[in-house]
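Let me begin by presenting the structure, written as structure tokens, before commenting on it.
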Amino acid sequence: MTDLVRAPGPVVMGVLNVTPDSFSDGGRYADLEAAVGHGVRLRDAGAHLVDIGGESTRPGAERIDAATEVDRVLPVIRELTAAGVAVSIDTSRARVAEAALAAGAAVVNDVSGGLADPDMARVVRDAHCPWVLMHWRGHSRTMRELATYTDVVADVRAELAQRIDAALAAGVAADRLVVDPGLGFAKTAAHNWELSARLPELLDLGYPLLFGASRKSYLGGLLAAPDGTPRPTAEREAATVATSVLAVAAGAWGVRVHDVRATADALAVWAATGSPRLVGAHHDRQQGARSHHHRQEVQR
Ligand code: PMM
């Protein structure tokens, strides 16, 4: 799976939320067979990874306990990995990640970037698995109040750099790390657009970047009806596809989406037209920027 991190991309991560209250597919995949069937379909539609989450991270959501989270995700992970599907575990709890890795998950997708659980770095280091470090400032219940920035892109970049440094200091190898701006997490719609527009500044960290805009509410706001009613979740797909292509063209390594087929088709068009990345070659920049980041570290 480390090869996946080194891959030039684009990598498509399909979302499989096994929560009763997730805003996009909540409740529908509560049943194990339905969840597994959906995961297999995501893979067949072109997902390189199926991202399994047992805890809703929707703004305002209350937390569930770790045992409930494990109970929700583990059977799905076991069945999907047995079916040959590559799985990532979407959790910010070390205990859940450890159980998921033991059950066959290959990647840890941590929306807290290692901040929520001090033990996560050890689990990832010992498993030698890829670790997605998302930008995060606090749990869902409080995150709306945390959306204050001087310059959102500079602040997110600096806070991600801190998470990278903490991961490296804990002994996690640099080639296991992927960063993610965390769209919608302690961010207003304006913050999300600013981050999307200035992706190269985040790519300058020198790590592969995952972009997760799929069906998020800022797209619903953009496409709102004349009376201001946001576009419903299920009708944000064309906008999601557009964000995927634009992010990949700007240099993102991967995208996290609900409708894998739509995004995979669009990215196939992007690849077939021979479209160059809008900003440099991924790997050159990655190598150059990684040493740049380290130079900064030495000067600090
Ligand atoms: N968004 C959600 C959950 N997990 N993980 C990463 N790495 N990046 C994201 O943007 C992200 C995530 C929330 O969306 P969902 O409820 O539709 O899964």
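Computed from the coordinates by the stated procedures, all read-outs in this text should not be read as laboratory data. Just so it is clear, the model here is predicted, and its values are computed rather than measured. All Cβ positions, glycine included, derive from the backbone under ideal geometry; neighbour counts span all protein chains shown.
Between the DSSP loop rule and a limit of at most 10 other Cβ atoms within 10 Å, which trypsin sites (Lys or Arg not before Pro) in region 55-146 are left?
Details: sites: 63, 72, 78, 93, 95, 122, 125, 137, 141, 144; in loops: 63, 93, 137, 141.
Nothing satisfies the criteria.
Mind giving me the FRET efficiency for residue 33 and residue 95? R0 is 30 Å, r the Cβ-Cβ distance, nearest 0.05 is fine.
Numbers: r = 26 Å, r/R0 = 0.87.
Computed FRET efficiency for residue 33 and residue 95: 0.70.
Top mean-square fluctuation among 248, 257, 107, Gaussian network model of the chain, C-alpha springs under 10 Å?
Comparing 248, 257, 107 in the GNM, the peak value goes to 248.
What nm distance separates the two modelled labels at residue 170 and residue 83, each placed 7 Å from Cα along Cα→Cβ?
3.1 nm
So if I place +1 on the C-beta of Lys and Arg and -1 on the C-beta of Asp and Glu, and nothing else carries charge, what would the dipole magnitude of the chain be about its Cα centre? I want it in debye, nearest 20. Walk me through the numbers on the way to the answer.
Working: 31 positive and 36 negative charges, 97 e Å.
So the dipole magnitude of the chain works out to roughly 460 debye.
Quick check on the chain: helices-only [θ] at 222 nm, where DSSP H runs of length 4 and up contribute -39,500 (n - 2.57) each and the sum goes over total residues. Nearest 500, please. Write out the running numbers ahead of the final one.
On the way: 12 runs with 134 residues, N = 300.
The helix contribution divided over the chain gives -13500 deg cm²/dmol.
Compute a Gaussian network model of the chain, connecting alpha carbons closer than 10 Å, and tell me which residue from 206, 37, 54 fluctuates the most.
Result for the chain, Cα springs under 10 Å: 37 fluctuates most.
Does the chain come out rounded, prolate or oblate, given a ≥ b ≥ c as the square roots of the eigenvalues of its C-alpha gyration tensor, rounded meaning a/c under 1.5 and, failing that, prolate meaning a/b above b/c? Please report the intermediate quantities before stating the final value.
Details: a/c = 1.24, a/b = 1.08, b/c = 1.15.
Judged from the Cα gyration tensor, the chain comes out rounded (a/c under 1.5).
Net charge near residue 171: determine it from the other residues with C-beta under 12 Å of the C-beta of residue 171, scoring Lys and Arg +1 and Asp and Glu -1.
+2
Test of understanding: ordering 44, 117, 180 by Cβ neighbours within 10 Å, fewest first, what list do you get?
On the way: 44 11, 117 19, 180 28.
Fewest to most other Cβ atoms nearby, the residues stand as 44, 117, 180.
Where does the charge balance sit around residue 149 when Lys and Arg score +1, Asp and Glu -1, over other residues with C-beta under 14 Å from its C-beta?
Details: positive: 137, 144, 157, 187, 198; negative: 145, 151, 155, 159, 194, 201.
Taking every other residue near residue 149 into account, the sum is -1.
Which of rounded, prolate, oblate describes region 3-116, given a ≥ b ≥ c as roots of the alpha-carbon gyration tensor eigenvalues and a/c under 1.5 marking rounded, otherwise prolate only if a/b is larger than b/c?
Numbers: a/c = 1.43, a/b = 1.19, b/c = 1.20.
Taking the square roots of the gyration eigenvalues as a ≥ b ≥ c, region 3-116 is rounded.
FRET efficiency for residue 141 and residue 273, Cβ-Cβ distance as r, R0 = 30 Å, nearest 0.05? Please report the intermediate quantities before stating the final value.
On the way: r = 44 Å, r/R0 = 1.47.
Efficiency for this residue pair is about 0.10.
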